[in-house]
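The values are calculated or read from the model by the stated rules, or taken from the named source; none is laboratory data. For clarity, every value in this text was computed on a predicted model and none was experimentally measured. Ideal geometry is used to build each Cβ from the backbone, glycine not excepted, and the neighbour counts take in all protein chains shown. Each accessible area value is taken on the protein alone, full model and side chains, heavy atoms only, with ligands, DNA and RNA left out. Shrake-Rupley method; radii C 1.70, N 1.55, O 1.52, S 1.80 Å.
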Amino acid sequence: MLTEIKEREKQSLTSAELNVIDWINENEEKIPDMSINEIADASFTSPATVSRAIRKCGFSGIAEMKYKISSQMNYIVEGKIVNEIFEKSITECKKTIEALDVDMILRVIRYIRFSEKIYILARGTTALIARDFEFQLQLLGYNAFVLSDSQIMRNSKKLFKENDIVMIFTLKNSTPELEMSAKFAKEVGATVITCCCIQGTSLEKYSDLSILGGRKKNNSMIEEFNVMSRLPLHIIARTLICLLYTSPSPRDGATS
């Protein structure tokens, strides 16, 4: 309700002005697109009556009243959008968690615990997740390094050794260098672990272990730039780190 007239204030209003206020309160969503003449016609009054009623409600004129109504309507709409975003995030979290294979996660944890060196590969904004994962592993005493440069990936065969772990974080394996690095790692006998948002990518054929977010399609958050949600990768990385934090590690210097 735009205006709520107290009983003592009603005494200063004519019956026609009260009708205008009642009509405005019942039709707020229409007001921003209406002229003062249209409001007068709809409330069966005159433009002068509408103008007086608006001023007696504390507005300087119809423009201020329209602004307030528009602001209220925008706030309501934005509130609904926020709730929709919350719901989508909750749904995406649930679907990711439901799709994760607990046995696969525990197998990855065992490999990480006994690793000598961990290379974490990612490109684009996914590299931000990889760098946070690297930081957390280093805090736990693991020998972890992020590779995010495409040129280094193309020459990564010179880096990988048999006892290394190569972990790849990717949305949908759209970067050729990631698959190239996985192939190189496989050739030298390193263990390849893939963390991916979708199933069935060609990267899986080079992977010893694959943690998959289970998404069946790529949902763009910002369609113009094809920016997609990386929430499944965040959940995968968080799950692995939390398990490593809470479980004893066989490595010297690692925090339990």
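Relative to the longest principal axis of the Cα atoms of the chain, the long axis of helix 176-188 makes an angle of roughly 30 degrees.
Please state the shape class of the stretch 130-173: rounded when a/c is under 1.5, otherwise prolate if a/b exceeds b/c and oblate if not, all from the C-alpha gyration tensor.
Values: a/c = 1.96, a/b = 1.26, b/c = 1.56.
Judged from the Cα gyration tensor, the stretch 130-173 comes out oblate (a/c at least 1.5, b/c at or above a/b).
Size descriptors for the stretch 91-195: radius of gyration and Dmax over Cα atoms are 13.6, 42 Å.
Average 1/r across all pairs of distinct alpha carbons in the stretch 14-83, invert it, and you get the Kirkwood radius: 12.5 Å.
Quick one: of Lys94/Lys205; Lys88/Lys117; Lys95/Lys161; Lys56/Lys80; Lys95/Lys205, which pairs are farther than 29 Å apart, Cα to Cα? Among Lys94/Lys205; Lys88/Lys117; Lys95/Lys161; Lys56/Lys80; Lys95/Lys205, the Cα-Cα distance tops 29 Å for Lys88/Lys117; Lys95/Lys161; Lys56/Lys80.
Per residue, the stretch 1-109 exposes 67 Å² of accessible surface when a 1.4 Å probe is rolled over the protein heavy atoms with every protein chain present. The modelled label-to-label distance for the pair Ile85/Ser71, using points 7 Å beyond Cα in the direction of Cβ, is 2.1 nm.
Give the percent of DSSP beta bridges with both residues in the chain that are antiparallel, rounded to the nearest 5. Before the final figure, lay out the partial values.
Working: 2 of 21 bridges.
Bridges in the chain are about 10 percent antiparallel.
Normalised by 2.2 N^0.38 Å, where N is the number of residues, the C-alpha radius of gyration of the chain stands at 1.68. Compared with the dominant principal axis of the Cα atoms in the chain, helix 15-26 is inclined by about 10°.
FRET efficiency for Met34 and Leu128, Cβ-Cβ distance as r, R0 = 45 Å, nearest 0.05?
Details: r = 49 Å, r/R0 = 1.08.
Working from the Cβ atoms, E equals 0.40.
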